[in-house]
Amino acid sequence: MPSINNLKKRLRSYLTEEQISQVVRAYYFAEKAHEGQYRRSGDPYITHPLAVANILVDMHMDYASLMAAMLHDVIEDTGVTKEQLAEAFSEEVAELVDGVSKIAQIKFESKAEQQAENLRKMMLAMTRDIRVILVKLADRLHNMRTLGVLPQDKARRIARETLEIYAPIAMRLGMNAVRMEFEDLGFSALYPMRASRIQAAIRASSGYRKELVDKIRHQIESTLEQE
């Protein structure tokens, strides 16, 4: 399981010690704010913001984005306000967290309205600060990776929303690896039997390809030895 110490080691590859200390401070602030809250898996809630921050480290995001990742649920799920975040950290971090919280609060009646309005609201948020979108995508990615602990109906709803809303946004931003993972995880949640059959076919195909490559390699080696 990821830990704050492991994260600190990863951050030393591209952030200063002062910036790392700010990220760590945000972690402990979030840990205290979420005290007593747990994920459906039974893990302490802080494991989720920490995982989101780790996803953003893979992208080499700046320290303010990582702080926002640590704090992204405190406005929505605890008694902490945007003003308190600004006072404790900075206006920049508070704005990022507030932006992520506002995206999470978007609710619509129909799929068509949800699709259009979500895209519109997210693009509007992007014009202010694209980091809001990136934190939200990382948040959704970790939720998709842990989808298995949810009731099937809720997991399917989240998977469908991810395929309809978040995967296209990742594609528009050129985040192809994130888009592909969204699509793989979403398809597996919606169509588990089809997904398992496709994975089995891919594994079988991969095995055959390896056998074919080995055969060709042996033929080339034999020919080279003869020549």
Point to revise | Lysine pairs within the chain, Cα separation less than 20 Å, 8 or more sequence positions apart or different chains | key: 16
Check your understanding: Full extension from Arg10 to Phe187: what is 0.36 nm times the residue separation minus their Cα-Cα distance, to one decimal in nm?
Key -> 60.6 nm
Review point. Full extension from Ser222 to Arg160: what is 0.36 nm times the residue separation minus their Cα-Cα distance, to one decimal in nm?
Key: 17.0 nm
Practice item. Only Cα pairs under 8 Å and at least 6 apart count here; give the relative contact order of the chain as a rounded whole percent. Key: 14 percent
Revision key, fill the gap. Those trypsin sites (Lys or Arg not before Pro) from segment 1-51 that are DSSP loop and have at most 12 other Cβ neighbours within 10 Å turn out to be Arg12, Arg40
Review point. Assigning unit charges at the beta carbon (Lys, Arg +1; Asp, Glu -1) and nothing else, what dipole magnitude in debye, to the nearest 20, does the chain show about its Cα centre?
Key: 760 debye
Exercise for review: Using R₀ = 45 Å, calculate the FRET efficiency as 1/(1 + (r/R₀)^6) where r is the Cβ-Cβ separation of Glu92 and Lys210; round to 0.05.
Suggested key: 0.35
Review point. Given that just one value was derived from the coordinates, which of [x] 20.2, 61; [y] 21.5, 78; [z] 20.9, 66 is Rg and Dmax of the Cα atoms in Å?
Key: [y]
Practice item. May I ask you to give the solvent-accessible area per residue for the chain, in square angstrom, as obtained with a 1.4 angstrom probe? Key: 57 Å²
**Study point:** Those chymotrypsin sites (Phe, Trp or Tyr not before Pro) in segment 24-104 that DSSP places in a loop and that have at most 12 other beta carbons within 10 Å
**Key:** none
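The values are calculated or read from the model by the stated rules, or taken from the named source; none is laboratory data. Keep in mind the model is a prediction, meaning the values are calculated, not measured. Cβ: placed from backbone, ideal geometry, glycine included. Neighbour counts: every protein chain shown. With ligands, DNA and RNA removed, areas are computed over all heavy atoms of the protein, side chains included. Shrake-Rupley method; radii C 1.70, N 1.55, O 1.52, S 1.80 Å.
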